[in-house]
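Here is the structure we will look at, set down as structure tokens.
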């Protein structure tokens, strides 16, 4: 304790805050790996064991990591790789190939990328291969060591695994899994996907070569655990340069977790989704409000962050519509009520609007039809309404059938928040008949 | 209003000059700046900014990035017909021309990421790099992997990079089927009426007092605010109509304080502008010329096609017949076009079976025979069914006044629909002195 105190120079507040920002942003934005995956012990052990067998004993393997988005699939894998690479012999020997379904959109690109990542471009040179399999086998052959008995183990890591299943004939998957089945070279094929029905997407011949090992990351986190994660994500590490500041910070975070309103918000966001990504989003929004004048995260910051992240974007867009466009939306809402959700066209909307003008409006004047059409087309552009059949057929635009992409409550809520909404428009919206 | 932007890591003077250039957007700029953090800190991998047109989305973000000299690439997706062009522009802005030449022909996202990584390894990011994509809704129409790929670009290239997407359309319409990395959503609210007034008043004319210009803007907003809240459109309209507003002042008929007189002068003029130049019925140049001439405002020939259509005599009747065939039920033809249509009870006939009229539902298709039958009965003289009549039908189809329904291969009984509006057909029938409303079932 005394030792630590001596090395501390208490830094100015600005410096501390900027350090905090740096540390936290690495956590929230850069997905910095935690020391240990939280709450995924058994899965972690399983994966680590599988990879170690390939790396150390030369056994081939294939495994699929399945879990919803933001559940920590990549984090789990990267943690396992990190631990594995700490072993000296593994680090020397193992090769990694990282592919992503988003980048390698067909097998030709994927093969080029594999060649590149294995640093074999000059070995391949200008060779022409008859088939994909031949090429892949050649690549793996090239990795064999001088003594010919053992070749270097290769980890194939396929992110967005489901997208690879859409490639023609699933050639890449077939060949990789085939290699992992036959005793050619030690490879481990690790697929990451968010689709639970992944195996259904594979062709029969591909499926039969897969080991059917799956690691599921279906989060069983409870609310206290979620709160604990929240706290640990915001806590500063012991290595923070100014220990006085970090103690104060951590104390304030602890207090924050006990706050009733914060707990309520956490409960709400926990009920929506318990993945790490959405939690990080919330925390970043709160963190961005931390500055020199406000050096800790307050409950109000969390409230504000929650308000920002939970805002209904369609309601926001409705807020900025002109009064004419709002009237058209109301007319559409009435049409939806009358015809029970059947599609409508511009003429019907205009008719409905004209009826309103004639009967009860005092504040809205009559607009020329082209002006109304322009407003209608603006709504179409904002995709608040959508043509029923893609909008390609040869119908006059007034008669094109449309659907409203908003529901009743959204319209009513937007109306409540609309600035300076005339009362007659509001009454028209509430009245049950047009 | 806030006391100016504050963020450590940027020079104070620049921040204050930025905030001067962003009237009424201090709040948004502050939020963005707070999210960006200090230059070398990480920012969220992707940010999605949405808001109505002309709410300052591009302006705020580009001013911030430019003034604070942050490395960035700004690309408008309208300019990029292919993903290749987008990649080229980004690489060009980030790493110079050398990198862009490395892109192969029709590059894939994989090539882009490879080259990006290669250059990024040479010059690792000291500061967060930003890629700003305007009109991001167009990304949806490009390759399916592009949008999800860009959203998690930070992970893919392993660099301190943030992608900022700007769009008018809400994020819900972007999300692909199997989901993707969720960006941080940021809303740019519309300007309030007071804010619009404040911004528009900034363009005041040097030869008149700012108060006069503000009062002019007030009048303009009074007319247009209920229809249009697009700042750019309003600015355009304000600039176009200001000379007219000043006319009484120049002639000495009114003083600057005669607000009522000025208002009486300009208001009908602005209302006319809404029906013409706002709809692009006439071009801005035409509108200005017309203001110069000032007298012959009645004979306004706009850009829209309706004012220019000249048809042969029989074509007009063919079009009228087509309109009647499209909007009247076939069973009423006997009543309208037969002189002695036997005993149909009038009351029974007039009872409308349909609740909604045909003018709400749109035109119905009709066979050629019916068109011709109606045509013979409405046209005054006797016409022989010659090839010239048939060729006029096909030229009406070419003019898109009629549309052919179904396939072109139905030679014996083609079906058509009439594709003109009631106003248009009334104008046509007036020229041949035919009272079309008497023949329309909806208006009985």
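Of everything in the stretch A:359-372 that is in contact (Cβ under 8 Å) with a residue 60 or more places away in the chain and within 11 Å of chain B (Cβ to nearest Cβ), the residue that is farthest from the chain's Cα centre (by Cα) is A:363. Give the stretch A:376-399 a look and list any residue that's part of a loop (DSSP other than H, G, I, E, B), surrounded by fewer than 18 Cβ atoms within 10 Å (Cβ to Cβ) and either in contact with a helix residue (DSSP H, G or I) (Cβ under 8 Å, 6 or more places away or on another chain) or within 12 Å of chain B (Cβ to nearest Cβ) (or both), or say none. Passing the criteria: A:383, A:393, A:394. When the stretch A:142-171 is filtered for residues that are buried (at least 23 other Cβ atoms within 10 Å of the Cβ) and at pLDDT below 90, the ones remaining, listed by number, are A:153, A:154.
Going through A:291, A:322, A:261, A:243 one at a time, which residue ends up being in contact (Cβ under 8 Å) with a residue 24 or more places away in the chain, within 14 Å of chain B (Cβ to nearest Cβ) and farther than 28 Å from residue A:380 by Cβ?
Being in contact (Cβ under 8 Å) with a residue 24 or more places away in the chain, within 14 Å of chain B (Cβ to nearest Cβ) and farther than 28 Å from residue A:380 by Cβ holds for just one of A:291, A:322, A:261, A:243, which is A:291.
Restricting A:346, A:353 to those that are more than 7 Å from chain B (Cβ to nearest Cβ), buried (at least 20 other Cβ atoms within 10 Å of the Cβ) and without any contact (Cβ under 8 Å) to a residue 40 or more places away in the chain reduces the list to A:353. The residue of the stretch A:239-273 that is modelled with the lowest pLDDT, among those that are surrounded by fewer than 12 Cβ atoms within 10 Å (Cβ to Cβ) and touching a helix residue (DSSP H, G or I) at 6+ places or on another chain (Cβ under 8 Å), is A:272. Among the residues of this structure, residue A:378 counts as one that is touching a residue at least 40 places away in the same chain (Cβ under 8 Å) and either within 33 Å of the chain's Cα centre (by Cα) or assigned by the TED database to the domain that holds residue A:280 (or both).
Evaluate the following for residue B:90: is it in a loop (DSSP other than H, G, I, E, B), in the same structural domain as residue B:145 (by TED's automatic domain parsing) and under 34 Å from the mean Cα position of the chain (by Cα)? So residue B:90 fails the test. For residue A:169, the conditions (1) touching a helix residue (DSSP H, G or I) at 6+ places or on another chain (Cβ under 6 Å); (2) on the phi > 0 side of the Ramachandran plot are fulfilled apart from (1).
Mind listing just one residue for me: the one in the stretch A:160-208 that is touching a strand residue (DSSP E or B) at 6+ places or on another chain (Cβ under 8 Å) and in a loop (DSSP other than H, G, I, E, B) and, of those, nearest to residue A:53 (Cα to Cα)? The residue in question is A:186. All of (1) outside the structural domain of residue B:117 (by TED's automatic domain parsing); (2) in contact with a helix residue (DSSP H, G or I) (Cβ under 9 Å, 6 or more places away or on another chain); (3) in contact (Cβ under 8 Å) with a residue 12 or more places away in the chain hold for residue B:209 with one exception: (2).
For the stretch B:1-84, the helices (runs of 4 or more DSSP H) that sit wholly inside it and include 1 or more residues that are within 19 Å of residue A:17 (Cβ to Cβ) are B:12-21, B:26-36.
With respect to residue A:106, is the statement that it is farther than 26 Å from residue A:81 by Cβ and surrounded by 15 or more Cβ atoms within 10 Å (Cβ to Cβ) true?
Against the criterion (farther than 26 Å from residue A:81 by Cβ and surrounded by 15 or more Cβ atoms within 10 Å (Cβ to Cβ)), residue A:106 qualifies.
Listed here are the residues, each with its yes/no results for (1) more than 11 Å from chain B (Cβ to nearest Cβ); (2) farther than 20 Å from residue B:226 by Cα.
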{"residue": "A:339", "(1), (2)": "no, yes"}
{"residue": "A:357", "(1), (2)": "yes, no"}
{"residue": "A:374", "(1), (2)": "no, no"}
{"residue": "A:405", "(1), (2)": "no, yes"}
{"residue": "A:408", "(1), (2)": "yes, yes"}
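For the stretch A:209-231, the candidate set comprises residues that are assigned to a helix (DSSP H, G or I) and either touching a helix residue (DSSP H, G or I) at 6+ places or on another chain (Cβ under 8 Å) or in contact (Cβ under 8 Å) with a residue 24 or more places away in the chain (or both); within that set, the residue that is surrounded by the fewest Cβ atoms within 10 Å (Cβ to Cβ) is A:223. The helices (runs of 4 or more DSSP H) found wholly in the stretch B:146-210 and carrying at least 3 residues that are surrounded by 22 or more Cβ atoms within 10 Å (Cβ to Cβ) and at pLDDT 90 or above occupy B:146-151, B:153-157.
Within the stretch B:161-180, the only residue that satisfies the criterion of being touching a residue at least 12 places away in the same chain (Cβ under 8 Å), within 8 Å of chain A (Cβ to nearest Cβ) and over 17 Å from residue B:50 (Cα atoms) is B:180.
For residue B:243, the conditions (1) assigned to a helix (DSSP H, G or I); (2) crowded, with 18+ Cβ neighbours inside 10 Å are fulfilled apart from (2). Taking residue A:58 and the conditions (1) touching a helix residue (DSSP H, G or I) at 6+ places or on another chain (Cβ under 7 Å); (2) buried (at least 16 other Cβ atoms within 10 Å of the Cβ); (3) in contact (Cβ under 8 Å) with a residue 24 or more places away in the chain, which numbered condition does it fall short on, given that it satisfies the others? Going through the list (1) touching a helix residue (DSSP H, G or I) at 6+ places or on another chain (Cβ under 7 Å); (2) buried (at least 16 other Cβ atoms within 10 Å of the Cβ); (3) in contact (Cβ under 8 Å) with a residue 24 or more places away in the chain, residue A:58 breaks only (1). When residue A:76 is tested against (1) buried (at least 17 other Cβ atoms within 10 Å of the Cβ); (2) assigned to a helix (DSSP H, G or I); (3) over 19 Å from the mean Cα position of the chain (by Cα), just one condition goes unmet, and that condition is (3). Of the residues making up the stretch B:57-79, those that are in contact (Cβ under 8 Å) with a residue 12 or more places away in the chain and farther than 18 Å from residue B:130 by Cα number 1. Counting only helices (runs of 4 or more DSSP H) that sit wholly inside the stretch B:267-375, those with at least 1 residues that are at pLDDT 65 or above and either in the same structural domain as residue B:238 (by TED's automatic domain parsing) or in contact with a helix residue (DSSP H, G or I) (Cβ under 7 Å, 6 or more places away or on another chain) (or both) are B:284-293, B:313-327, B:333-337, B:358-361.
On the basis of being in contact with a helix residue (DSSP H, G or I) (Cβ under 8 Å, 6 or more places away or on another chain), buried (at least 20 other Cβ atoms within 10 Å of the Cβ) and either within 12 Å of another protein chain (Cβ to nearest Cβ) or farther than 22 Å from residue A:190 by Cα (or both), does residue A:100 make the cut? Yes, satisfied.
The values are calculated or read from the model by the stated rules, or taken from the named source; none is laboratory data. Here the structure is a predicted model, which is why all the values come from computation and not from measurement. Because the Cβ atoms are built from the backbone with ideal geometry, glycine has one as well, and the counts that use them run over all protein chains shown.
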